[in-house]
1. How large a share of the accessible area of chain B, in percent, is made up of carbon and sulfur atoms when the probe is 1.4 Å and the other protein chains stay in place?
2. If Rh is defined by the Kirkwood formula over all Cα pairs and Rg also comes from Cα, what ratio Rg/Rh do you get for chain A?
3. Using a 10 Å cut-off on Cβ to Cβ distances, tally the other chain neighbours for every residue of B:398-411 and report the average as a whole number.
4. Report, in cubic angstrom per residue, the convex hull volume of the C-alpha atoms of region B:163-254.
5. Starting from the Cα gyration tensor of region B:294-425, take the square roots of the eigenvalues, sort them a ≥ b ≥ c, and report rounded, prolate or oblate (rounded when a/c is under 1.5, otherwise prolate if a/b is larger than b/c, else oblate).
6. Going by average Cβ density within 10 Å per residue, which order do the peptides A:50-61, B:44-55, B:371-382 take, highest to lowest?
7. Work out how far the C-alpha atoms of the protein assembly as shown reach from end to end along every principal axis, then list the three figures in whole Å, largest first.
8. Rounded to two decimals, what is Rg over Rh for chain B when you use alpha-carbon atoms and the Kirkwood radius?
Amino acid sequence: MLRSLQLESEKCTGCLQCEMACSYENEGVFNPSKSRIKVFTFHEEGRFAPYTCSQCAEAWCLHACPVDAITINPGTGAKDVSEDVCVGCKVCTIACPFGTVNYNADSGKVIKCDLCGGDPACVEACPTEAITYVDASNAGMDRMRAHAAQTIKS
Amino acid sequence: MHHVIVGSGPAGVVAAETLKTHQKDARVTILNNEDAPPYSRMAIPYYLIDQIEENGTHLRKNKDHYSSIGIDLINGELSAIDLASKTLLLNDSTNKSLQYDKLLLATGSSPNIPKIQGIETEGVSSCWTLADARYLLNKIKKGDDVVLMGAGFIGCIILEALVKSGANLTVVEMEDRMVPRMMNDDAGGMIKDWCLSKGVVIHTGTRVEEIEKLDSGKLGLKLSDGKILEANLAVSATGVSPNTGFLKKEQLKVGQGILVNRSMQTSDPDVFAAGDVAEGLDFSTGEYSIQAIQPTAVDHARVAAKNMIQLGSVEHQGSINMNVLDTLGLISCSFGAWAGVKDGEQVSLINKDRFKYFNLQFEDDLLVGATSIGMTQHVGVLRGLIQSRIRLGDWKDRLLKDPTRLMEAYLSSTQALGFNSKVFA
């Protein structure tokens, strides 16, 4: 059964443990700017919103890639970037309408959430269960996917 | 049903794959006129600097990909079409021909060859095909003087590769800034300043008028402002034009490129067109034009393929014109109506010392265009906001005051955050 990240901004305290965990898991450094998940701050409302790739069915990044560097992981359903194949042309970063594929100047390649291969570090790090890894058929996920589908019609 | 696709770039390949996905028993043939498996021109700069091997440019990495999904990939060049008998004549010694039921013209574009004396001189080349890239890779030596004619999108993409291969580069662009068709004055000027700071010599507002071989063996390039440049090599990147040479006069309706409707169908009901050769619907202007960019080619291909199977099954919603460029490490993007719209509003942030620029263009409370320099995080939401036509409401005024709040505006407006988020009600 495929699982997805469920992001509940209500529960987020803005502690940024998820960003640290993501950066450490994927880049080996504690550097939030290298995190694939980002927490956005709403100063006026005093709220926080964790945000990352929803592994959308449309897979804009995958279709935009000119060299077949983004593939669907059969185990997790995530859209994975193969760092060996990616040339760093950045077309996926402008094609993804959610802005969740980003260029990493240090490696010259793009990075995005790959669900850590099925054991997301952000989920483990989150102290308030604002990020959970749930059955993909969960209602919240359906709504995110529906949103993804309506955002742009091909 | 035999679908024939002429052209093996992203449009041709994606169309073929879409056809096989949705109509498994269809016969699908791609006609490839280059001496390499289908590849991406976007990857050529990375091949030029030896970051990847030639196969790193290939659209699909597995050699047997096409045969494994039942696509016939054949070599040949289209010389003429007989629409009445649905026959393609191929330009080869065997006088081969090919019958089709539905035809997709995805023939792409070719570089414009400037009409100047000496353009045929040895040492003057385009940088468009893998064959061009092989020639340049073999030719450029560290420390060579190289002149790049044209600082448009393609010129700027190869600019970095030329500098990284050790060339002393001089750029000649006839307009007054870099990438004039993708960047406004501020942004194009900033990219020029950046290149100057990296040691590239740039002449704007002038053009090469004549090229000759000097006694020294080098090339002499005479500019319209009277200057003379000497170079070991000259690379021409003065725009591209659609490949329609195989069409007889008035065989299909052609403007700048082949005219299509929202099904990507041409004036002949069994002939479709996609990619650089097609004048498709532009999302921002509502008009038909040539965008000549990879994401648009893929959009076209998917729509065309579905309509080749069943006409009317999907309508093209218009492609958004967008580009991303890495000029010696300075990353710039532009989206949609980046030059603004009539009676629109705009906001700019500019920091010349740090090479940062951000511009948003609004129409009412919709984001319609954007330009960024030095921004690599979440740039895709610019496309998302423009193409989804999401009303920004109060957020437009907040963005006019502080455009860096883009992500807050995006998240608040899209509610993409999960079912029990009450923050954005």
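The values are calculated or read from the model by the stated rules, or taken from the named source; none is laboratory data. Note that the structure is predicted; figures quoted are calculated from it, not measured. No Cβ is skipped: glycine too gets one built from the backbone with ideal geometry, and neighbour counts run over all protein chains shown. To get the accessible areas, we keep the full protein, side chains included, count just its heavy atoms, and leave off ligands, DNA and RNA. Shrake-Rupley method; radii C 1.70, N 1.55, O 1.52, S 1.80 Å.
1. Reported share for carbon and sulfur atoms: 46 percent.
2. Values: Rg = 14.9 Å, Rh = 15.8 Å.
Radius of gyration over Kirkwood radius for chain A works out to 0.94.
3. Numbers: counts 1, 0, 0, 0, 0, 0, 0, 3, 1, 6, 7, 0, 5, 5.
Mean shielding by partner chains, rounded to a whole number: 2.
4. Values: hull volume 15.6 nm³, N = 92.
With only Cα atoms used, region B:163-254 gives 169 Å³ per residue.
5. On the way: a/c = 1.88, a/b = 1.29, b/c = 1.45.
Oblate shape, in that a/c is at least 1.5 and b/c is the bigger or equal ratio.
6. On the way: A:50-61: 21.1, B:44-55: 18.2, B:371-382: 22.6.
Packing proxy ranking, top to bottom: B:371-382, A:50-61, B:44-55.
7. 73, 58, 48
8. On the way: Rg = 23.1 Å, Rh = 23.3 Å.
Taking Rh as the inverse mean 1/r over Cα pairs, Rg/Rh reads 0.99.
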